[in-house]
1. How would you rank Y222, Y182, Y167, going from fewest to most other Cβ atoms within 10 Å of each one's own Cβ?
2. With the cut-off at 30 Å, tell me which of the pairs K157/K197; K41/K134; K53/K203; K71/K213; K41/K203 have Cα atoms farther apart than that.
3. Please state, to two decimals, what the Cα-based radius of gyration of the chain comes to when divided by 2.2 N^0.38 Å (N = residues).
4. Stretched out fully, how many nm does the piece from I94 to I136 gain, at 0.36 nm a residue minus the Cα gap?
5. I'd like to know which of L58, I145, N86 lies farthest towards the positive end of the charge dipole of the chain, counting +1 on Cβ of Lys and Arg and -1 on Cβ of Asp and Glu.
6. Starting from the Cα of K4, draw a straight line to each of the aspartates and glutamates and keep only those under 17 Å, dropping any in the same chain fewer than 8 residues away.
7. Using a 10 Å cut-off around each Cβ, can you sort S5, S146 from fewest to most neighbouring Cβ atoms?
8. Divide by every residue of the chain the summed helix terms, -39500 (n - 2.57) for each DSSP H run of at least 4, and state the resulting mean residue ellipticity at 222 nm, rounded to the nearest 500 deg cm²/dmol.
Amino acid sequence: MGIKSIEKYDPRLFRAICHRGLHDEASTENGLDAFRKAIDKGLAFELDIHLTKDGELLVCHDDDLLRTTGKAGIIEELTLAEIKENYRLLDGEIVPSFQEVLDLNQERMPIVVELKVHDGNYKPLAKKAVEVLKQIKNPKTITLISFDPRALLAARKSPFTRGILIYEKRTDIFFTARFFDYLDVQDVLVDHEKTKKWRAKGKPINVWTIESKPQLEKVKGYVDMITFQHLDPDDVIKTLEE
């Protein structure tokens, strides 16, 4: 299916997107080692950013650092320096700042940046993200996503494409889709009437998070991008090509 305005996107986004980097038992999610593995394999990757107490951007999925470091701590209640001094990922790597990931990547691979809103901080979070991303020379190498449409709307003057995340329990968010470039839907929503109507208009669909071959088979033919984990990237690429 042809995608309208496809020139806005880095074509590598339509191959496969590593969820929180190419992580495994040896490399913790959202860590530099996981991102390095994705870059080395020539794969786009997704990450999550939070705003620290002192207004810096930290890469981590959860608000609480416990799951990926073994030590509790709410990111938004800690400064970047406190996190750097007191926390390490389970693989021994640092908990990276967003800038450290950008420095590692050097625009070699596209990055899908999820804005993780905490206690309604969507405006300062989006503002800081756009500020940090001013250094990006090729805007196609960055795309922004969020479950909170307000965060994406706050970044509307940036040069980056934006995708709204939608999950099964919040299908009401579909009504905001017209403000954004693409849909980023949970796998159970790929055959939802509104998802299909969106794609029929030539607008892209990304799906998350595919981590088994049955899931991969189910979304085949419904989507243009696939965010995956715990799968062979070649299987994901093959599915998209077919």
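Nothing in this text is a laboratory measurement; each read-out follows from the coordinates by a stated rule. All of these numbers come straight from a predicted model, not from anything done at the bench. Here Cβ is always computed from backbone atoms with ideal geometry, including for glycine, and neighbour counts include all displayed protein chains.
1. Working: Y222 18, Y182 25, Y167 15.
Ascending number of Cβ neighbours within 10 Å: Y167, Y222, Y182.
2. Pairs exceeding 30 Å: K53/K203; K71/K213.
3. 0.96
4. So the extension gain works out to 12.8 nm.
5. Highest projection toward the positive end goes to I145.
6. Partners found: D181, D184, D224.
7. The fewest-first ordering by Cβ neighbours comes to S5, S146.
8. -7500 deg cm²/dmol
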